Amino acid sequence: MNIENTKAQMRKGILEFCILSVLKDKDCYTSEILDTLKEAKLLVVEGTVYPLLTRLKNDELLSYRWEESTSGPPRKYYRLTELGNDFLKELTVTWRELSEAVNIITNKNSHE
Amino acid sequence: MNKTVTINIAGLVFHIDEDAYNKLDSYIQAVRNSIQQESEDEIIADIESRIAELFAERIDPQTGVIRMNNVDEIINIMGKPEDYIIEDEPVRPNNFTATNKAYKKIYRDGEKRILGGVCSGLGHYFNIDPVWVRILFILLFFAYGLSFVIYLILWVIIPKAVTVADVLEMKGEPVNISNIEKQFREGVSNSYQQIRTSGSSVANVIRRIIGIILIVFSVMGIFGSFFTPIAINSEKFSIASEFMGYNEAQTGIPFWGLSLSLFIMCAVPFIVLLLLGVKLLNPKVKHIGWVSGILGFFWLLSIFIFSYVMINLDIQKDKIESLFEGNFDTKMSQTDLNLNDKDTLNIIFQKDERIFTINDTLTGKHKFSEIDDVYIEVLESNTGKAYMEVEEKVFNNKDLNLKSLSKYNIQIETTQFSNTLNYNYSIKSDTLVLSNAILTTLNDFTEDSKVRVKIYITENQHIKINGNDRDHFWNQSLDNGKNFYKFNSEGRIENTNNTIN
């Protein structure tokens, strides 16, 4: 099994959750989302994000508006919809449970 | 040196080196292939918009041109086409190779095309040499032009392979970055790219269409030329033919030589047209000039041989004819026609019934003269009664110079016709039935008319002829489609508008 593939798949799995989290407090345009994710080293290549954003938008978790930019092409500003908000809350709970579970398991194993 | 193209991404205009552009274009195509879902246009638009943003940050302020390294950098940031795939199942590593799996799509191959690249595209798709596809199409062309129609339809509905991704799909290779890069290294993309810009000009297509028409036409011509030797070989045994009893010794050219030169005479112009058609399709073909030159030489040679033989045959014929000169008896007979005043004489031509009983080949002792050997004239009678005269020239060999004839390999048949007329006619009340030919001996080599029929009618009598029989009345002005004639006051025969006055 290719380690890079596994890593990428793990990241992809939580990527949706993270995108929604980035948009929790303020609306962002695509590059801002990307920058935040990259800063957190969650994202290696940007390509993965575009189909995800479109899917989230199609599932009505996100909506967007266009805004002019002075330095480049017009920007797509994404914001969470109500549905997205609910979805995020649920995911947050799941994530806490998951990370606790993973922590317990990995810590327990490292102690042994 | 590098050509620069101007592109518009997400509404921003960039100048980009051509090779960098080709790579970017292929990349976007590959990404599109990876995504393969309903909203791919939207996703691609987002991606392009991001690429435009990244370009704007990276553009060299000095030159203002996007270079290959910029594109490489962007591809690094954006990730491989595989990275764009989102899976519903987070961990499915096996499916991860999906884009590495090759699948084939049918495209027209613009690089190896002759006309529209349909055949070479089909060749790629079915993994066979496009030559076979082309041969099939050419063969089917003879089925009422079926393949021509099919070709045009395929030309319209099959897209042309333009990008490197298309080319890979056409060849059934996986569309991934490594293969695309390989294609770039091999310079494939550039040639396909050039096709997109220059190769599809209308003039080029017309040139190729003309080339194909020339090839089809000339192949048919060459095929047809094979029939010329067959034709004169069968003529050789036909009694009316120029080549009957062809004598090699007389001309020095064997009969097969004559056949061959006739074939070359017919085929060479078509071969040259064929070469021209090939040249139009593939301008790289060389040596057509001197090949045509050599063919031209043989063509002139064959024309020379053929003319030489034909002139020789004619001279020979003239000589033989002069030997026969004067060796004729002229026989005359006069018959009354049973016509009253103001009656109409009905003249009908009929095939001599004996023609069915006498074998029309060299083995028969007699032959029929040609139709123009029978010559009919209508004259005004001075006696107040209608009558007819038949004057027949009969071959007589009593004074023939047999010694000079033997030079021409001519055997004289001893058979002679009787002293009665050989020309067949009958009179039934007001109808005169004339034979349209006359039996002569095989030895009759002359071209003179053999029979003269003079019909005398009074000024009050009419004749009626069939419009098709006008040709037998050589020196008389009969009108096409007019059947009834009589003499006018000036003694000239004149039609009476198909009615009897």
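The values are calculated or read from the model by the stated rules, or taken from the named source; none is laboratory data. These numbers were taken from a predicted model, which means no experiment stands behind them. A quick note on method: Cβ atoms are made from the backbone with ideal geometry, for glycine too, and the neighbour counts reach across all protein chains shown.
Being touching a Cys at 6+ places or on another chain (Cβ under 8 Å), closer than 19 Å to A:Glu16 by Cα, in contact (Cβ under 8 Å) with a residue 12 or more places away in the chain and not β-branched (Val, Ile, Thr), is that true of even one residue in segment A:80-93? Within segment A:80-93, none of the residues are touching a Cys at 6+ places or on another chain (Cβ under 8 Å), closer than 19 Å to A:Glu16 by Cα, in contact (Cβ under 8 Å) with a residue 12 or more places away in the chain and not β-branched (Val, Ile, Thr). The single condition from (1) more than 21 Å from A:Trp95 (Cβ to Cβ); (2) of a type in the set (Ser, Thr, Tyr); (3) over 14 Å from the mean Cα position of the chain (by Cα) that A:Thr6 fails is (1). Can you tell me which condition A:Glu16 does not meet? The list is (1) part of a helix (DSSP H, G or I); (2) at the interface with chain B (Cβ under 7 Å from one of its Cβ atoms); (3) among the acidic types (Asp, Glu), and all the others hold. With (1) part of a helix (DSSP H, G or I); (2) at the interface with chain B (Cβ under 7 Å from one of its Cβ atoms); (3) among the acidic types (Asp, Glu) applied to A:Glu16, the lone miss is (2).
Might you check whether a residue that is in a helix (DSSP H, G or I), under 29 Å from B:Ile128 (Cβ atoms) and modelled with pLDDT under 80 occurs anywhere in segment B:224-241?
Step one: of segment B:224-241, the residues in a helix (DSSP H, G or I) are B:224-225, B:227-235.
Of the ones still in play, those that are also under 29 Å from B:Ile128 (Cβ atoms) are none.
The answer is no, given that none of the residues of segment B:224-241 is in a helix (DSSP H, G or I), under 29 Å from B:Ile128 (Cβ atoms) and modelled with pLDDT under 80.
Does B:Ile213 satisfy being assigned to a helix (DSSP H, G or I), among the β-branched types (Val, Ile, Thr), surrounded by fewer than 17 Cβ atoms within 10 Å (Cβ to Cβ) and at pLDDT 85 or above? Yes.
To keep it simple, each residue is scored yes or no on (1) surrounded by 16 or more Cβ atoms within 10 Å (Cβ to Cβ); (2) within 9 Å of chain A (Cβ to nearest Cβ); (3) over 53 Å from the mean Cα position of the chain (by Cα).
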residue: B:Ile9; (1), (2), (3): yes, yes, yes
residue: B:Tyr21; (1), (2), (3): yes, no, no
residue: B:Val31; (1), (2), (3): yes, yes, no
residue: B:Ile43; (1), (2), (3): yes, yes, yes
residue: B:Ile51; (1), (2), (3): yes, no, yes
residue: B:Pro81; (1), (2), (3): yes, yes, yes
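For segment A:25-40, the set of residues classified as of a type outside the set (Asp, Glu) and more than 12 Å from the chain's Cα centre (by Cα) consists of A:Lys26, A:Cys28, A:Tyr29, A:Ser31, listed by residue number.
The rows are residues; the columns are (1) touching a Pro at 6+ places or on another chain (Cβ under 6 Å); (2) more than 18 Å from A:Lys12 (Cα to Cα); (3) surrounded by 14 or more Cβ atoms within 10 Å (Cβ to Cβ); (4) modelled with pLDDT of 85 or more.
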position	(1), (2), (3), (4)
A:Lys38	no, no, yes, yes
A:Lys41	no, no, no, no
A:Thr48	no, no, yes, no
A:Arg65	no, yes, no, yes
A:Lys76	no, yes, yes, yes
A:Glu97	no, yes, no, yes
A:Ile104	no, yes, no, yes
A:Asn109	no, yes, no, no
A:Glu112	no, yes, no, no
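Only one residue in A:Glu46, A:Glu60 is away from chain B (no Cβ under 11 Å), assigned to a loop (DSSP other than H, G, I, E, B) and in contact with a helix residue (DSSP H, G or I) (Cβ under 6 Å, 6 or more places away or on another chain), so which one is that?
Values: A:Glu46 fails: away from chain B (no Cβ under 11 Å).
None of the other options fit; the residue is A:Glu60.
Check segment B:8-24 and report whether any residue there is modelled with pLDDT of 85 or more, closer than 16 Å to B:Lys80 by Cβ and not in a strand (DSSP E or B). The answer is yes, given that some residue of segment B:8-24 is modelled with pLDDT of 85 or more, closer than 16 Å to B:Lys80 by Cβ and not in a strand (DSSP E or B).
Condition check ((1) facing chain B (nearest Cβ under 8 Å); (2) under 13 Å from the mean Cα position of the chain (by Cα); (3) within 25 Å of B:Ile7 (Cβ to Cβ)) across all residues:
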{"residue": "A:Leu23", "(1), (2), (3)": "no, yes, no"}
{"residue": "A:Arg55", "(1), (2), (3)": "yes, yes, no"}
{"residue": "A:Arg65", "(1), (2), (3)": "no, no, no"}
{"residue": "A:Glu68", "(1), (2), (3)": "no, no, yes"}
{"residue": "A:Gly72", "(1), (2), (3)": "yes, no, yes"}
{"residue": "A:Tyr78", "(1), (2), (3)": "no, yes, no"}
{"residue": "A:Asp86", "(1), (2), (3)": "no, no, no"}
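Contact map, segment B:442-471: residues that are modelled with pLDDT under 65 paired with residues that are of a type in the set (Ser, Thr, Tyr) and surrounded by 17 or more Cβ atoms within 10 Å (Cβ to Cβ), Cβ distance under 8 Å, separation 6+ or inter-chain. Pairs shown: B:Asp444/B:Ser369; B:Ser449/B:Tyr375.
Might you let me know whether segment B:155-172 holds any residue that is part of a helix (DSSP H, G or I) and within 20 Å of B:Leu214 (Cβ to Cβ)? Yes: one or more hits. Of everything in segment B:118-158, what is more than 23 Å from B:Val219 (Cβ to Cβ), surrounded by 13 or more Cβ atoms within 10 Å (Cβ to Cβ) and modelled with pLDDT under 85? Give them in sequence order. Correct list: B:Ile158 only.
Take B:Ile47 and decide whether it is touching a Phe, Trp or Tyr at 6+ places or on another chain (Cβ under 7 Å), under 27 Å from A:Asn58 (Cα atoms), free of Cβ contacts under 8 Å to residues at least 40 places away in the same chain and among the β-branched types (Val, Ile, Thr).
Details: touching a Phe, Trp or Tyr at 6+ places or on another chain (Cβ under 7 Å): yes; under 27 Å from A:Asn58 (Cα atoms): yes; free of Cβ contacts under 8 Å to residues at least 40 places away in the same chain: yes; among the β-branched types (Val, Ile, Thr): yes.
Spelling it out, B:Ile47 is indeed touching a Phe, Trp or Tyr at 6+ places or on another chain (Cβ under 7 Å), under 27 Å from A:Asn58 (Cα atoms), free of Cβ contacts under 8 Å to residues at least 40 places away in the same chain and among the β-branched types (Val, Ile, Thr).
Being buried (at least 17 other Cβ atoms within 10 Å of the Cβ), over 28 Å from B:Glu48 (Cα atoms) and aliphatic (A, V, I, L, M): is that true of A:Leu20 here?
Values: buried (at least 17 other Cβ atoms within 10 Å of the Cβ): yes; over 28 Å from B:Glu48 (Cα atoms): no; aliphatic (A, V, I, L, M): yes.
Against the criterion (buried (at least 17 other Cβ atoms within 10 Å of the Cβ), over 28 Å from B:Glu48 (Cα atoms) and aliphatic (A, V, I, L, M)), A:Leu20 does not qualify.
Right, B:Asn76: more than 10 Å from every other protein chain (Cβ to nearest Cβ), more than 19 Å from B:Leu12 (Cα to Cα) and modelled with pLDDT of 70 or more or not? No, not satisfied.
I'd like the full set of residues that are among the charged types (D, E, K, R), out of contact with any Ser or Thr (no Cβ under 9 Å at 6 or more places or on another chain) and in a helix (DSSP H, G or I), limited to segment B:45-76. Steps first, answer last, please.
Pass one, segment B:45-76, residues among the charged types (D, E, K, R): B:46, B:48, B:50, B:53, B:57-58, B:60, B:67, B:72-73.
Next cut, out of contact with any Ser or Thr (no Cβ under 9 Å at 6 or more places or on another chain) only: B:48, B:58, B:60, B:67, B:72-73.
B:Glu48, B:Arg58, B:Asp72, B:Glu73, listed by residue number.
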